[in-house]
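The values are calculated or read from the model by the stated rules, or taken from the named source; none is laboratory data. Small disclaimer: the values here were computed from a predicted structure and weren't measured. Here Cβ is always computed from backbone atoms with ideal geometry, including for glycine, and neighbour counts include all displayed protein chains. Just so you know, the surface numbers come from the protein's heavy atoms only, side chains and all, with ligands and any DNA or RNA stripped out. Shrake-Rupley method; radii C 1.70, N 1.55, O 1.52, S 1.80 Å.
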2 protein chains.
Amino acid sequence: MLEGLQIERATTKKVKPEESKLGFGNYYTDHMFIMNYEEGKGWFNPRVIPYQPIVLDPAAKVFHYGQTIFEGLKAYRTKDGRVLLFRPEKNFLRMNRSNERLSVPELDPNKAVEALKQLIQVDQDWIPSEEGNSLYIRPYVIATQAQLGVAPSTEYMFIIIMSPVGAYYPEGVNPVKIYVESDYVRSVKGGVGEAKTAGNYAAGLKAQELAKDKGYTQVLWLDGVHRKYIEEVGSMNVFFKIGGVIHTPALSGSILDGITRNSIIHLLRHWGYEVEERAIEIGELYEASKQGKLEEAFGTGTAAVISPIGELNWQDEVLVINNGKTGELSQKLYDTLTGIQKGELEDPFGWMVQAAVFDSQLAK
Amino acid sequence: MLEGLQIERATTKKVKPEESKLGFGNYYTDHMFIMNYEEGKGWFNPRVIPYQPIVLDPAAKVFHYGQTIFEGLKAYRTKDGRVLLFRPEKNFLRMNRSNERLSVPELDPNKAVEALKQLIQVDQDWIPSEEGNSLYIRPYVIATQAQLGVAPSTEYMFIIIMSPVGAYYPEGVNPVKIYVESDYVRSVKGGVGEAKTAGNYAAGLKAQELAKDKGYTQVLWLDGVHRKYIEEVGSMNVFFKIGGVIHTPALSGSILDGITRNSIIHLLRHWGYEVEERAIEIGELYEASKQGKLEEAFGTGTAAVISPIGELNWQDEVLVINNGKTGELSQKLYDTLTGIQKGELEDPFGWMVQAAVFDSQLAK
Ligand SMILES: Cc1ncc(COP(=O)(O)O)c(C=O)c1O
Ligand SMILES: Cc1ncc(COP(=O)(O)O)c(C=O)c1O
């Protein structure tokens with residue numbers, strides 16, 4: 001138990017949504033975790049409280065200068081009544097890297113994991129049990145000082161909220177169509193692209209909307225300097241299987257160091273695949289495809305785990321990958337990683353962390 | 001009067017701070033303006049209410065994806081009891097350009113100016129009267145929908161808060177020392193640099209802190225592609241007088257279209273100066289200086305109006321400009337623009353807009 005943690009339980013509980021109608025990020029559990037920071041005092045007053053509005057001065061820095069960072073991870077309910085988290089320490093280590101870039105004070109990653117476990121135990125009846133459903137966890141920090149000077153805040157809140165979410169692919173893994181963005185740029189080396197901070201997502205909205213209007217699910221971002229090197233796919237890292245070898249953009253400073261990306265690289269190398277982390281030109285894919293060598297493409301991220309790419313559109317040149325179908329390797333990666341996450345497959349790397357054991361009544 | 005505007009006056013008023021201790025962005029007036037937006041309904045319920053906290057769901061999009069934009073302008077109290085705004089319509093037109101880039105719904109600029117005038121009239125006793133002091137106005141929009149999908153919000157709040165601020169130069173215009181940033185990048189073409197949105201400011205904090213640690217007031221940003229073209233100075237546009245001609249970076253897509261910048265260009269051309277808006281290499285300044293041609297450098301922005309630059313440090317090569325003193329032209333521009341803003345000099349371009357006439361008791 002986290003030292004000094006106060007737990008205030010909700011006196012009334014919300015009606016839980018039907019599991020078949022969850023979607024993503026629409027419902028929130030009965031409680032949240034919150035902790036404050038003040039310059040000179042550090043982080044203080046960790047507490048689990050009933051889910052409730054945040055009350056901020058209109059001059060709070062988060063509204064004006066976007067000094068905020070976040071994380072995203074999932075808890076899974078196993079058939080034998082345990083609650084598992086996937087590499088949670090990785091999220092809180094990455095959070096500190098984001099904090100550093102955004103001049104936000106560091107957090108103790110171990111204490112953050114401890115806080116999260118406590119919150120999950122209080123709200124464990126919110127973890128969905130149907131196949132593919134899970135509990136999405138959103139830790140974040142916001143700058144709360146009411147001061148309009150452009151300078152780091154002296155006050156912050158660290159908050160964790162949780163949302164039961166539906167299966168990303170209710171009808172089986174499904175390839176997406178991706179629009180290669182040539183005008184808008186998400187981030188550039190020297191910027192904040194490798195941090196998980198609000199502004200990166202705001203910067204991507206416009207291109208995403210335009211791609212949707214053209215019938216594409218997401219954009220593929222190119223680098224901001226040369227406008228030809230592949231960065232990410234929407235909010236996912238991206239992989240290509242070319243002539244049997246797996247290629248993924250290197251961590252160049254402008255893309256996120258995805259935890260799914262890292263895990264996929266581990267798994268692939270464990271299976272004996274060659275994985276190259278390097279600068280990949282968009283034109284290369286079209287070349288490889290002409291030569292019949294572009295075998296698979298997929299995005300990786302916490303939400304979808306693996307998202308196969310069936311089609312790319314780059315300046316109106318359409319590239320169909322694997323006949324628009326989910327590739328064999330993509331499917332195997334998806335099955336393996338989700339199997340480990342649900343506790344149904346062996347966990348050879350010790351990735352899963354137990355957050356709670358269900359009360360026998362709850363476990364049904 | 002803005003149609004449908006509700007005015008709820010504060011029952012108790014705050015104690016006003018001493019004018020000599022205002023600083024920037026520390027105190028807020030008794031009231032604020034607020035208006036809501038919902039998809040399908042548009043903007044509704046415009047109201048002036050007592051200054052009060054904003055209450056938001058912890059899943060509100062502004063906290064996670066930074067979908068927010070803002071503006072900054074000032075109201076000045078004239079000796080003859082009027083309240084003047086400097087080109088306020090320009091701010092709300094720019095706000096709409098920011099809105100467009102961030103997928104935020106547009107506002108009617110005329111109605112926004114009308115709302116601002118109403119708010120100023122309610123809080124007119126907050127406008128400082130001492131030389132150089134003014135009322136800083138911060139209009140902003142935040143995305144409020146409680147939904148964690150990365151997509152534009154369906155709900156927003158438009159808010160105006162106001163802060164009495166002290167003179168930027170209590171002891172006369174004073175040149176600053178500027179550090180030319182070579183590692184960090186504020187924005188890149190194709191990004192959101194030309195929008196006034198929170199993420200741009202968060203992205204700049206780190207470099208600003210490092211420059212401060214080295215004894216510099218602010219950073220000069222270079223472009224993210226070539227890392228050699230001059231962009232902005234902190235949160236100001238920047239001008240150079242080289243061999244009698246004035247040079248300023250062109251609006252390339254990654255810098256803000258500053259209203260002070262625009263006004264300075266107008267004034268300079270009106271005075272017969274040649275003004276070139278173009279790509280300016282940082283190396284050029286060092287060359288011009290060696291040839292004795294770099295006469296003056298200054299930043300422009302609402303907060304300082306004119307901020308002379310006395311020294312640049314680019315990769316530890318120090319460049320002293322005009323012996324570290326305020327240049328003649330910088331001083332003349334400062335005196336002229338602040339004179340127009342305070343209603344003490346003729347306003348040849350019709351820039352000033354009257355927001356209120358003081359009650360005779362208040363005018364003292
Ligand atoms: C921009 C971006 N890239 C990649 C990812 C994938 O990271 P992870 O695998 O840690 O979820 C995310 C988060 O989901 C992201 O927001
Ligand atoms: C990034 C940036 N550049 C330039 C400026 C100057 O713009 P303005 O003259 O409209 O105040 C500002 C705002 O003050 C700014 O935030």
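Peptide B:202-215 is shielded by partner chain Cβ atoms: per residue, an average of 5 of them sit within 10 Å of its Cβ.
Of A:Arg101, A:Arg227, the residue with the largest accessible area leads and the full order is A:Arg227, A:Arg101 (1.4 Å probe). Association of chains B and A removes close to 4900 square angstrom of accessible area from solvent, both sides included, for a probe radius of 1.4 Å. The calculated 222 nm mean residue ellipticity attributable to helices in chain B amounts to -7500 deg cm²/dmol, summing -39500 (n - 2.57) over DSSP H runs of n ≥ 4 and dividing by all residues.
Listed peptides B:298-308, A:306-316, B:319-329 appear in the order B:298-308, A:306-316, B:319-329 once ranked by packing, highest mean of other Cβ atoms within 10 Å at the front. Among residues other than B:Gln354 with Cβ under 12 Å from its Cβ, the summed charge is +1 (Lys and Arg +1, Asp and Glu -1). By accessible area, using a 1.4 Å probe on protein heavy atoms only, region B:42-169 has 47% of its surface on carbon and sulfur.
Per residue of A:298-306, other chain Cβ atoms within 10 Å of the residue Cβ number 0 on average.
With a sphere of radius 12 Å drawn around the Cβ of A:Ile69, what net charge do the other residues whose Cβ falls strictly inside it have (Lys, Arg +1; Asp, Glu -1)? Net of charged neighbours comes to +1. Projected onto their three principal axes, the Cα atoms of chain B cover extents of 62, 54, 36 Å, largest first. For B:Lys342, the aspartates and glutamates whose Cα comes closer than 14 Å to its Cα, not counting residues fewer than 8 places off in the same chain, are B:Asp80, B:Glu130, B:Glu131. The radius of gyration of the Cα set in region B:59-98, together with its Dmax, comes out at 15.3, 49 angstrom. In region B:39-65, burial by the other protein chains removes 20 Å² or more of accessible area from B:Tyr51, B:Pro53, B:Ile54, B:Val55, B:Leu56, B:Asp57, B:Pro58, B:Ala59, B:Val62, B:Phe63, B:His64, B:Tyr65, compared with the chain on its own (1.4 Å probe, ligands and nucleic acids ignored). Among the listed pairs A:Lys206/A:Lys325; B:Lys177/B:Lys212; B:Lys241/B:Lys293; A:Lys117/B:Lys61, a Cα-Cα separation exceeding 19 Å is found for A:Lys206/A:Lys325; A:Lys117/B:Lys61.
Comparing mean-square fluctuations of B:Leu116, B:Leu102, B:Leu84 from a GNM of chain B with C-alpha springs under 10 Å, the top value falls on B:Leu102. The other copies place their B:Gly132 label points at 6.6 nm from this one, listed shortest first, where each point is 7 Å from Cα along Cα→Cβ. Legend: residues A:Ser129, A:Ser182, A:Ser263, sorted from most to least accessible area (1.4 Å probe; ligands, DNA and RNA excluded), read A:Ser129, A:Ser182, A:Ser263.
Position B:Lys214: other-copy label points at 4.0 nm, ordered by increasing distance, label point 7 Å along Cα→C-beta.
Shown for region B:176-325: the carbon plus sulfur share of the solvent-accessible area, taken with all protein chains present and a 1.4 angstrom probe, equals 45%. Computed with every protein chain present, the accessible area of B:Asp223 is close to 10 Å² [probe 1.4 Å].
Among the trypsin sites (Lys or Arg not before Pro) found in region A:1-55, those both in a DSSP coil and sparsely packed, with 14 or fewer other Cβ atoms within 10 Å of their Cβ, are A:Arg9, A:Lys13, A:Lys14, A:Lys41. Of all chain B C-beta atoms, the nearest to the rotation axis linking B with A is recorded, alongside its rounded Å distance, as B:Gly199, 1. Accessible surface for A:Glu231 stands near 20 Å², nearest 10, in the context of the full protein assembly shown (1.4 Å probe).
Shielding of peptide A:15-25 by partners, expressed as the average count of other chain Cβ atoms within 10 Å per residue Cβ, is 1. Counting from the shortest, the label point at A:Pro348, 7 Å from Cα toward Cβ, is 7.8 nm from the same position in each remaining copy.
So what is the orientation-averaged projected area of region B:176-325, using the convex hull of its C-alpha atoms, in nm²? Dividing the Cα hull surface by four gives the mean projection, 8.2 nm².
Taking Lys and Arg as +1 and Asp and Glu as -1, the other residues whose beta-carbon sits under 11 Å from that of B:Glu281 total 0.
Averaged over its residues, region A:212-364 has an accessible area of 43 Å² per residue, based on protein heavy atoms and a 1.4 Å probe. Springs join every pair of Cα atoms under 10 Å in this Gaussian network model of chain B, and among B:Tyr179, B:Tyr169, B:Tyr216 the largest mean-square fluctuation is at B:Tyr169. The residues A:Glu232, A:Glu171, sorted by heavy-atom accessible surface at 1.4 Å with ligands and nucleic acids left out, run A:Glu171, A:Glu232 from largest to smallest. Rolled with a 1.4 Å probe across the full set of protein chains, the surface gives B:Ile49 an accessible area near 20 Å².
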